[in-house]
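Heads up: the structure comes next, in structure tokens.
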Amino acid sequence: MTALAVSGCRICGGPVTEVLDLGRQPLSDAFLRPADLAGEFFYRLALGRCADCTMVQLVEEVPRERMFHHDYPYRSSLSSVMRAHFTGTGRELLATELTRPGAFCVELGCNDGVMLRTVAQAGVRHLGFEPSAGVAELARRQGVRVRTDFFEEKTAADVLVTDGPADVIYAANTICHLPYLDSVLRGARLLLAPGGVLVFEDPYLDDILARTAFDQIYDEHFYYFTAHSVRAAAARFGLELVDVRRLPVHGGEVRYTLAHAGARTPSPAVADLLRQERERGVTGVEALRRFAADVARNRAELVALLRSLKEEGRTVAAYGATAKSATVTNYCGLGPELISYVCDTTPAKQGRLTPGAHIPVRPPAAFADPYPDYAVLFAWNHAEEIMAKETGFRAAGGRWIHYVPTVRVR
Ligand code: DWN
Ligand code: SAH
Ligand code: ZN
């Protein structure tokens, strides 16, 4: 199973112009044991834009089974901010869309049950799709009903037979992971009740560009949505964009709501965001070219800083073995000689080496033992939560290195 070069837009078949090449990259969530080093998988990470529907997407597709399997390490519940976000989301769905007796909620990428446990605890009918068996099992332990499988047209059709139509299909940080979005949207249309909604939230292209957050680009993130590109994709499959809401999580996301075409009146927020996107030029190719220049500058500055700290004999570690950091370390060529180790709370990442760069991952307890002089904040999207826990680092004279939106030492 090698990566597939995509010929044309995965949604509409239109011509895709490549705008940013981030080079040869490993699987972003494949944390290695020493024995795995020989067989490491690589693909070419590059971003393209469809000239016809404006969808920004990767130009190579990694087979889904290579990314999402029983050892997939990411656990949504390890951040208290994200737990609160998803508890709030569950309560909101219960209060707005899941009110009729017998209402049915399907979640794609339910992970460890961080959102669906709230729906399950309310006694509401639900089903999570989660192909990564390890995290699916954690969700079951939270009382969540899970099918260890990929959602797509075929599996959606099965659920329609076994459970009937869905009032809500919800997905966080999952729809953008699915290159076969055509099949997913066909499946959603099939499974949604006439008045049902597909609600999904993913990193927002405008926030990525505005913050030079190039580390949001990695194998799992196949699409980089805007209201324009989502509206166009939905329309091809009989769905309509009826609401949008900007979210502060993960560095800036948008929650999109799709309904059957003509079933709901779009909220004023949709026209507003479409207008903002036109004004800001987010959907054009120029914004992406500017972004590519920003990314190259960001890399040069980060590499120069880390090399000079090394020459001065400073100790440098990192915090948060994120999927995002695979792009940073491999694009910038940062290995253990520049970043000695990275601390992370995820049990399945600890004691392993980061993909491609092979930086050792240690538990957070190792951070203060002793503190490094500098720490690169790879989990910058969780900055507040991490700063609140790690106040001892700065108190001991330690300094954080940020690279989003610009390289700076704090
Ligand atoms: O889209 C995706 C998002 C939702 O999650 C997936 N494709 C994969 C994953 O991406 P990521 O790894 O970049 O996500 P996070 O949430 O930025 O990862 C944070 C990492 O930092 C985790 O490995 C846990 C760790 N962490 C920590 O060590 N201490 C996190 C917090 C909040 C902490 O206090
Ligand atoms: N919703 C969680 C997890 C996001 S990570 C959160 O926001 O934190 C993306 C998840 O999608 C992974 O757990 C992965 O296993 C799952 N996934 C990948 N392909 C999928 C598919 N076709 N259907 C359902 N889930 C899928
Ligand atoms: Zn297209």
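Taken over the range 32-64, the residue count meeting the criterion of being within 16 Å of ligand 2 (Cβ to nearest atom) and more than 23 Å from R299 (Cβ to Cβ) is 3.
Across the range 311-326, which residue is nearest to ligand 3 (Cβ to nearest atom) among those that are in a loop (DSSP other than H, G, I, E, B) and within 18 Å of the chain's Cα centre (by Cα)?
Taking the range 311-326 as the starting set, the residues that turn out to be in a loop (DSSP other than H, G, I, E, B) are 312-315, 320-323.
The next check asks that each one be within 18 Å of the chain's Cα centre (by Cα); those that pass are 320-323.
Details: G320: 34, A321: 34, T322: 29, A323: 25 Å.
If we take residues in the range 311-326 being in a loop (DSSP other than H, G, I, E, B) and within 18 Å of the chain's Cα centre (by Cα), then A323 is nearest to ligand 3 (Cβ to nearest atom).
The residues of the range 337-357 that are more than 22 Å from the chain's Cα centre (by Cα) and on the phi > 0 side of the Ramachandran plot amount to a single one, G351.
Evaluation of T329 against the conditions (1) over 20 Å from P179 (Cβ atoms); (2) within 16 Å of ligand 3 (Cβ to nearest atom); (3) surrounded by 18 or more Cβ atoms within 10 Å (Cβ to Cβ); (4) not charged (D, E, K, R) shows that the sole unmet condition is (2).
Checked against the criterion of being crowded, with 24+ Cβ neighbours inside 10 Å, within 15 Å of ligand 2 (Cβ to nearest atom) and not in a loop (DSSP other than H, G, I, E, B), the candidates V144, V159, V119 yield just one match: V119. Restricting attention to the range 388-410 and to residues that are under 25 Å from the mean Cα position of the chain (by Cα) and basic (K, R), the residue that is surrounded by the most Cβ atoms within 10 Å (Cβ to Cβ) turns out to be K389. Which of (1) touching a residue at least 24 places away in the same chain (Cβ under 8 Å); (2) away from ligand 3 (no atom under 16 Å from the Cβ); (3) outside any strand (DSSP E or B); (4) in contact with a Gly (Cβ under 9 Å, 6 or more places away or on another chain) is the odd one out, the single condition G102 does not satisfy? For G102, the exception is condition (1).
For the range 111-163, the tally of residues that are charged (D, E, K, R) and over 18 Å from R189 (Cα atoms) stands at 10. Each residue in the range 104-134 was checked for being within 16 Å of the chain's Cα centre (by Cα) and among the aliphatic types (A, V, I, L, M), and 3 of them qualify.
With respect to R66, determine if the residue is assigned to a helix (DSSP H, G or I), touching a residue at least 40 places away in the same chain (Cβ under 8 Å), away from ligand 1 (no atom under 12 Å from the Cβ) and surrounded by fewer than 20 Cβ atoms within 10 Å (Cβ to Cβ).
In short, yes.
Within the range 12-31, being away from ligand 2 (no atom under 16 Å from the Cβ) and assigned to a loop (DSSP other than H, G, I, E, B) holds for C12, G13, G14, P15. Scanning the range 77-109 for residues that are surrounded by fewer than 20 Cβ atoms within 10 Å (Cβ to Cβ), closer than 25 Å to A227 by Cβ and of a type in the set (S, T, Y) yields one hit, T96. Taken together, the residues in the range 1-11 that are surrounded by fewer than 18 Cβ atoms within 10 Å (Cβ to Cβ) and either within 11 Å of ligand 3 (Cβ to nearest atom) or assigned to a loop (DSSP other than H, G, I, E, B) (or both) amount to 5. For the range 164-185, taking the residues that are assigned to a helix (DSSP H, G or I) and touching a helix residue (DSSP H, G or I) at 6+ places or on another chain (Cβ under 9 Å), the one that is nearest to ligand 2 (Cβ to nearest atom) is identified as H177. Cβ-Cβ contacts under 6 Å between residues 6 or more apart (or on different chains), taken from a first residue in the range 342-354 that is closer than 19 Å to E385 by Cβ to a second residue that is within 16 Å of ligand 2 (Cβ to nearest atom) and of a type in the set (V, I, T), are absent.
Only residues that are more than 25 Å from E92 (Cβ to Cβ), more than 26 Å from the chain's Cα centre (by Cα) and not aliphatic (A, V, I, L, M): list them for the range 155-190, please. If the condition is that a residue be more than 25 Å from E92 (Cβ to Cβ), more than 26 Å from the chain's Cα centre (by Cα) and not aliphatic (A, V, I, L, M), then D158, T162 are the ones that fit. Applying the set (1) surrounded by fewer than 18 Cβ atoms within 10 Å (Cβ to Cβ); (2) more than 16 Å from ligand 3 (Cβ to nearest atom) to Y74 leaves exactly one unmet item: (1).
Yes/no per residue for (1) at pLDDT 95 or above; (2) among the hydrophobic types (A, V, I, L, M, F, W, C); (3) under 30 Å from E286 (Cα atoms):
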residue: A3; (1), (2), (3): no, yes, yes
residue: I11; (1), (2), (3): yes, yes, yes
residue: L32; (1), (2), (3): yes, yes, no
residue: H70; (1), (2), (3): yes, no, no
residue: R75; (1), (2), (3): yes, no, no
residue: S80; (1), (2), (3): yes, no, no
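Looking across the range 80-99, the residues that are within 14 Å of ligand 2 (Cβ to nearest atom) and either within 12 Å of N111 (Cβ to Cβ) or of a type in the set (A, V, I, L, M) (or both) come down to V81, M82, R83, A84, F86, L93.
The values are calculated or read from the model by the stated rules, or taken from the named source; none is laboratory data. The structure presented is a predicted model; accordingly, all values stated were derived computationally and were not measured. Note that we place each Cβ from the backbone using ideal geometry, even for glycine, and neighbour counts take in every protein chain shown.
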